[in-house]
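Enquirer: Provided herewith is a single structure, encoded as structure tokens, for subsequent inquiry.
The values are calculated or read from the model by the stated rules, or taken from the named source; none is laboratory data. The shown structure was predicted, so the numbers you read here are calculated from the model rather than taken from an experiment. A quick note on method: Cβ atoms are made from the backbone with ideal geometry, for glycine too, and the neighbour counts reach across all protein chains shown.
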Amino acid sequence: MAVSHQKICWLFALRIAICGGCLLLFCPSLSAQDPIIDRLDGTGLHPGQRAEVLVQGKQLQGTSALWTPVGTLRLKAGSDVSKDQPVTLEGDIAADAVPGIYPVRLVTDHGCSEAAFVVVDDLPTVAITADADNRKAGQAVTLPTSIAGQLNAVAPRYLRFSLTAGQQITAEVFARRLSSELDPVLRLLGPDGRELAYNDDLPGTEGDALLHWTAQADGEYRLELRDVRYSGGARHFFHLRIGRFPAVATAVPRLAAAGSALNLTDLQGTVVGQVMAGDSPAGPATLTAIRSRVADADAASIVSAVVVAGAVSSEVEPNDAREQSSAVVADAAALAGDFQRAGDVDWFRITAAAAGNLTALARTRDAGSPADLVLELYNAEGGKLAESDDAGPKDAEISFQLPAPGDYFLKVAELAGRGGAPWSYAVQLHFGKPTVLATLPADRL
């Protein structure tokens, strides 16, 4: 089983020479007394604004800061941190912050927490109110907007807003991607109360939901948000976005070099916009929020891609057989492709200039893809040299000592034979001597 999106999106690989030295970490050494974040409730989590965040959890005494990649928040004046109780922090969010999902860590005088996750949004955010519990009325909101709150058990939330005929609206909920226990369902009800659209799981989002629709008539519409099991509680929190922005399922390719073009695609694989991959603030080979606002949109789409240093070699169809393999460019840092249909497989020809180690590391579900890759390496005669599905907690990984220079062939397949627009993938490549890869959170260095 691969590691989930939010658990490793801010990790990067360090190649370490073991020389008796040690790593100095950003936070104090880990111990049983490290703070634990159960929930974050924030306002002002927008580029260029003053944010205030209430942290609930355990072992919060001695809190000094809340670290984020886009700004560090400090204790609000008058806060009492002598006791283990909820604590409020405040600070500025960088004006150039790209809307996206970001990790945060609470720093205390006795340690720092594991990462929790928040959405930095360019849409205005309102809090959920008691009106949202009323199925017949619902909480009135003005679009575009984002709504933050929680679900209670057996109590869906209802939001109402007016649309005109022909108006296109997207609604996307972030819950599982924020480590919430909520498994969300979205349902749109028309002016007559009939169901117009429904979504449970958006592939590659760990169970979050997305709707996109065009109003057929003027009137008042209601959006229902509930848990798939009708459960709820303090850990069932969410961030819901509603407005006119592309219903982006993924960025293609999922792995790209800084400065290269990315296509934003919907669930049908239709390109709805094109953006550029920026530099990653957490270092190469990390999942990075992509600046993705397109013309005439109310806000950016929240989308990420893995940004690497070096060339990316994309598949060229047809490459369904070894004889049709896509040639990998020299010194490529990664491969990128997609399974266009169920049962699709892709072949790549890798030309080694010399004998040596070849490492191929799948980057799929940590990059927001639902694909589960199987990698197979063959020699020029068709003999299988290595194969990998899951490598412990990671996606598939092959590390093989190539015996001689020449052509080698990498077969990439989806474990369950699934295919379609969301099932794109990437594979990182490394040529050279075997190395120890130590994976550490970038925000703890």
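Enquirer: Which residues, counting only those in segment 129-177, are closer than 27 Å to Gly204 by Cβ, surrounded by 21 or more Cβ atoms within 10 Å (Cβ to Cβ) and either outside the structural domain of Glu224 (by TED's automatic domain parsing) or among the hydrophobic types (A, V, I, L, M, F, W, C) (or both)?
Expert: Those that are closer than 27 Å to Gly204 by Cβ, surrounded by 21 or more Cβ atoms within 10 Å (Cβ to Cβ) and either outside the structural domain of Glu224 (by TED's automatic domain parsing) or among the hydrophobic types (A, V, I, L, M, F, W, C) (or both): Ile147, Ala148, Leu151, Leu159, Ile169, Ala171, Val173, Phe174, Ala175.
Enquirer: Confirm whether Ala217 is part of a loop (DSSP other than H, G, I, E, B), touching a residue at least 40 places away in the same chain (Cβ under 8 Å) and more than 21 Å from Leu151 (Cβ to Cβ). Break it down into steps so the answer makes sense when it comes.
Expert: On the way: part of a loop (DSSP other than H, G, I, E, B): yes; touching a residue at least 40 places away in the same chain (Cβ under 8 Å): yes; more than 21 Å from Leu151 (Cβ to Cβ): yes.
So Ala217 fits the description; yes.
Enquirer: May I pose another question? Output the number of residues of segment 237-272 satisfying the condition of being assigned to a loop (DSSP other than H, G, I, E, B) and either touching a residue at least 60 places away in the same chain (Cβ under 8 Å) or closer than 30 Å to Ala215 by Cβ (or both).
Expert: Within segment 237-272, residues that are assigned to a loop (DSSP other than H, G, I, E, B) and either touching a residue at least 60 places away in the same chain (Cβ under 8 Å) or closer than 30 Å to Ala215 by Cβ (or both) number 13.
Enquirer: Asp84 - would you say it is out of contact with any Phe, Trp or Tyr (no Cβ under 7 Å at 6 or more places or on another chain), at pLDDT 95 or above and over 30 Å from Ala277 (Cα atoms)?
Expert: When the stated conditions are applied, Asp84 passes them.
Enquirer: Another question, if that's okay. Got a sec? Which of Glu181, Glu206 is in contact with a helix residue (DSSP H, G or I) (Cβ under 6 Å, 6 or more places away or on another chain) and outside any strand (DSSP E or B)?
Expert: Exactly one residue qualifies, and that residue is Glu206.
Enquirer: Still on this model: Here is a list: Ala367, Ala380. Which entry is of a type in the set (A, V, I, L, M, F, W, C) and more than 16 Å from Trp347 (Cβ to Cβ)?
Expert: Criteria check complete, one pass: Ala367.
So that you can scan it fast, the table gives a plain yes or no per residue for (1) touching a residue at least 24 places away in the same chain (Cβ under 8 Å); (2) not in a loop (DSSP other than H, G, I, E, B):
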| residue | (1), (2) |
| --- | --- |
| Leu60 | yes, no |
| Ala65 | yes, yes |
| Pro69 | yes, no |
| Ala77 | no, no |
| Asp80 | no, no |
| Ala95 | yes, no |
| Val107 | yes, yes |
| Phe117 | yes, yes |
| Lys136 | no, no |
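Enquirer: Output the strands (runs of 3 or more DSSP E) that fall wholly within segment 278-370 and possess 1 or more residues being within 25 Å of Gln401 (Cβ to Cβ) and in contact with a Leu (Cβ under 9 Å, 6 or more places away or on another chain), or say none.
Expert: Filter on segment 278-370 gives 304-308, 311-314, 332-338, 345-352, 356-363.
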